[in-house]
Amino acid sequence: GKQDPLSAAMYKALTSLSLRVFWPPISLPERTRENNHDWEQKYLTAASNVAVAVVLVSRASFTGRFYDVTKYVWSSKPDDLLVEWDLIIELFDRGRIKVVIPCL
């Protein structure tokens, strides 16, 4: 999959400190139609077991994806990135994730 250079640099920096880092492009196999359900289950399991979530928010997060978030309307198909952010907030609200660090 496509890897954002900032995400890659952050992954490298955090793992160089011997921290366990969950980053889907490295931590999970490439998502395909055949393994979609298994991939989602692994993602949800990993996301629900993190203590700290670092959320990278960039202009590309909104316009550089398959769906242009700036053109969303109520009937738009949900984008995985927005669903991931919603999941992180939900897990934080429930006390499963202890800290959320948004990086702009």
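For this structure, a couple of remarks:
- For Val100, the residues 5 or more places off, or on other chains, whose built amide H falls under 5 Å of its own are Ala53.
- Sorted peptide list for 13-20, 46-53, criterion being average Cβ within 10 angstrom, highest first: 46-53, 13-20
- For Leu56, distant residues with modelled amide H under 5 Å away: Cys103
Each reported figure results from applying straightforward, stated rules to the coordinates on display, with no laboratory input. All values reported here derive from a predicted model rather than from experimental measurement. Counting neighbours? That spans all protein chains shown, and the Cβs are built from the backbone with ideal geometry, glycine included.
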